[in-house]
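Data block below; observations after.
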Amino acid sequence: MTTIGILGGTGAHGRGLARRFAQAGHEVVIGSRKAERAQAVAASYEGVRGGSNAEAAAAELVVVTVPYEGHAELLRSLAPELAGKIVVDCVNPLGFDANGPFPLRVAAGSAAEEAQQLLPASTIIGAFHHLSAVRLDDPEVHRVDDDVLVLGEDRAAVRTVCELADAIPGARGVYAGRLRNAGQVEALAANLIAINRRYQVHAGIKITDLQ
């Protein structure tokens, strides 16, 4: 069992991942700028407790699910707490206008690469970008049946995060390259949102011809 902290864990994506990680037997701490908000949300989930983002950052493995606009500021403020840990960045830098969702340009190349620049003492892994928050957080959905693209430089850390994905019933962790490939993976979330809006579904990713 691993203690998993989720930064920005009161959002839809964070809540869904918290539910699934807790069901897999992990101890989960969801963080928020306001600890009392996280505590109120966590009360609805078995095996999950709430606290500040700093308390979530004290976990053994940390997952980042904050909106992109708060990404850099939060990681910079928690760099000491996150040193020496695997930090899983799930952030998709997206914008929205009258024409729908679109990927934002990130100076570092991607949110994951930005995280690695801000947290040089941490091991950054990009993952969990495309799982539907609605399906993750629905207690009536027992299998997710999506693949999780996992990106990173450290093989052991990639394996750890793939195993974390595999523990979600139906899901599968798939190595998808180094962090320099994270930009297009993050951007693909815009396409999935467009698909979801057009067809009223909760689309995900499935890699074919992989046993």
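The values are calculated or read from the model by the stated rules, or taken from the named source; none is laboratory data. Source: prediction; values computed, not measured. A quick note on method: Cβ atoms are made from the backbone with ideal geometry, for glycine too, and the neighbour counts reach across all protein chains shown.
A few points about this structure:
- Just one residue in the set ALA12, ALA22, ALA98 is without any contact (Cβ under 8 Å) to a residue 24 or more places away in the chain and among the aliphatic types (A, V, I, L, M); that residue is ALA98.
- Residues of the range 144-179 satisfying the condition of being in a helix (DSSP H, G or I) and touching an Asp or Glu at 6+ places or on another chain (Cβ under 7 Å): LEU179
- Comparison of VAL174, VAL185 shows that the only residue that is under 17 Å from the mean Cα position of the chain (by Cα), on the phi < 0 side of the Ramachandran plot and touching a residue at least 40 places away in the same chain (Cβ under 8 Å) is VAL185.
- Strands (runs of 3 or more DSSP E) lying entirely in the range 9-107 (those with 1 or more residues that are surrounded by fewer than 17 Cβ atoms within 10 Å (Cβ to Cβ) and modelled with pLDDT of 95 or more): 27-32, 94-97, 100-103
- Residue check for ALA127: more than 22 Å from VAL66 (Cβ to Cβ) and either surrounded by 15 or more Cβ atoms within 10 Å (Cβ to Cβ) or free of Cβ contacts under 8 Å to residues at least 12 places away in the same chain (or both): no
- Taken together, ARG159, ARG155, ARG172, ARG180 contain a single residue that is under 29 Å from PRO120 (Cβ atoms), surrounded by 14 or more Cβ atoms within 10 Å (Cβ to Cβ) and among the charged types (D, E, K, R), which is ARG159.
- The set of residues in the range 180-209 that are assigned to a loop (DSSP other than H, G, I, E, B) and either closer than 26 Å to ALA22 by Cβ or out of contact with any strand residue (DSSP E or B) (no Cβ under 9 Å at 6 or more places or on another chain) (or both) comprises GLN200, VAL201, HIS202, ALA203, GLY204, ILE205, LYS206, THR208, ASP209.
- Scanning the range 127-176 for residues that are among the aromatic types (Phe, Trp, Tyr) and closer than 20 Å to VAL62 by Cβ yields a single hit, PHE128.
- Any chance GLU163 is of a type in the set (Asp, Glu) and under 16 Å from the mean Cα position of the chain (by Cα): yes
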